[in-house]
Amino acid sequence: WPREFRGVEFDNYIDWLLPAAAVSLLGGPAICIPCGLTRAGLPVGLSLAGPPGSERRVLAAAAAYEAAHGWRRMVPRRPAAAAVAEAEAQQQV
């Protein structure tokens, strides 16, 4: 798990996972959809969540985003090499 993100440190896996766990515990629907690539060519996901009973709205929002965004035309550039390069860059920070 990431030990730090934008200055926020995570002492353990649960701290890092807490936002996603909160959505699950509250019983709301959630979906993660592809939304682009990093500068290194790695895929990035967008998570959408809603209150309990809003499955139709969450799915409609995801479908609208997918229809409006050109992510389908994006192809990761040498994903394994990009992952190594990005990991090395993060270690230098």
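Each value in this text was obtained by applying a stated rule to the coordinates, not by laboratory testing. Quick caveat: nothing in here was measured; it's all calculated off a predicted structure. Counting neighbours? That spans all protein chains shown, and the Cβs are built from the backbone with ideal geometry, glycine included.
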Please give the FRET efficiency for Ala61 paired with Arg39, using the beta carbon to beta carbon distance and R0 = 25 Å, rounded to the nearest 0.05.
-> 0.40
Using 0.36 nm per residue of separation minus the Cα-Cα distance, give me the extension gain between Leu46 and Val23 in nm, one decimal.
-> 6.8 nm
